[in-house]
Structure formats: structure tokens, C-alpha cells
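For reference, the structure discussed in these notes is given below.
The values are calculated or read from the model by the stated rules, or taken from the named source; none is laboratory data. Here the structure is a predicted model, which means the values were calculated and not measured. A quick note on method: Cβ atoms are made from the backbone with ideal geometry, for glycine too, and the neighbour counts reach across all protein chains shown. When the accessible area is computed, the model is the full protein with side chains, heavy atoms only, and any ligands, DNA or RNA have been set aside. Shrake-Rupley method; radii C 1.70, N 1.55, O 1.52, S 1.80 Å.
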Amino acid sequence: NSTRSDTPGSTGTVGDLVGSGTYWNLRTGTNLRFALDTFNSSSAYQESLTVLRNGNVGIGATEPGTTLEVSNDSNDLSPVLIRNTNTSPANLGIVLRADSGSNTANRNYFIGVNSVVFGDFNIRQSNALGGDPVAAGTSRLYIKNDGSVVIGTTSPVFHLDIFNSGPTTAQFVRD
């Protein structure tokens, strides 16, 4: 069951995809909207993937307001899962790139886990404008898998360790 229109800007169903009890509906919508719908348990199609005319993509979001918007209304699932099945620490995470501008202070960041040992958490900053924070970066905040928190290095000596090659000023306040 499919309909097709070759008229630019028209709406309609491109086709249904059926397999293993799962139903998908591929359709175009108003304003050159592209949508992939899933057939939900209440016998209705639910928009699962949306691509708007401006290029914004929504997963679970029917009106994505940015380049990629992921939405989930379930309490038992995280909206995004990033997984790596590598058997050694493999820098699993997200790289934030600040490629615009020529300001020499502009840096890229890596936020991730398993960067030194399994179970760690690391925020790394690239060492140069446009640089790779994983291959050529400095750890700014590191939480080792034993719970030690370190700033400025990935080799803690104490459970809370602040490393700085220059003069260090730290203040701890207790209320």
C-alpha cells in the first residue's frame, strides 16, 4: 500500500515497510518534511525520525529545533546510548569541536570514559587551535575508576589531587 506524488512540496506516503511484526511508514510531509513512522501498540503510526527542510533531524522529536534533537518520554531509558565493545580502554565519548573562528584560545574538548583505564571519566582539552583532544590534549578533569578526582593530570596521588606546574592557589571553605 503506497502512494507517490512527483509534485514538489506535495505530501503523501512513500511506502510501508513490514518485517518481523514491525511496521514502518515512510512519508513526506508539509514543507518538504521527511518522516519515518513506526506502528505503535495503540494501532497508530508514531513519527520516529524526522528530517526537516532546513536539515534538522529529530529522533523522537517531531519539530527538531537544532541540528540533532533526541527526545524520549520513557522513564526507563536514556535518550542516547554510546557503546563501544572494544576490549581495551578506547576513549568512548563525545568530542566537542569549536572549528569556527581564528581565536588562538579556541579549543576542542573530549568528554568520555575508559580513556586511561576501564571505568574512568575524563574531560580533555586540545593543546592547539583545531587540535584533537584525544591524540594531542591535556586532561582537565579526571575521575579514576577508584573514585579519585584529579584536576590537571591523570595520575592521582591522593583522592582529591590538583596538579599545576605553576603557583597553585586553592581555597576550601566549610560552612
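A few remarks follow.
The rows are residues; the columns are (1) of a type outside the set (Asp, Glu); (2) over 20 Å from the mean Cα position of the chain (by Cα).
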| site | (1), (2) |
| --- | --- |
| 85 | yes, no |
| 91 | yes, no |
| 128 | yes, yes |
| 132 | no, no |
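- Checking each residue in segment 48-106 for being closer than 26 Å to residue 127 by Cα, in contact with a strand residue (DSSP E or B) (Cβ under 6 Å, 6 or more places away or on another chain) and aliphatic (A, V, I, L, M) picks out 92, 94, 95, 96.
- Of all residues in segment 120-139, those that are in a loop (DSSP other than H, G, I, E, B) have Cβ atoms under 6 Å from Cβ atoms of residues that are of a type in the set (A, V, I, L, M) and open to solvent by 40 Å² or more (accessible area, probe 1.4 Å), 6 or more apart or on another chain, in 127/136.
- Considering segment 100-117, and only residues there that are modelled with pLDDT of 85 or more and over 20 Å from the mean Cα position of the chain (by Cα), the residue that is farthest from residue 137 (Cα to Cα) turns out to be 117.
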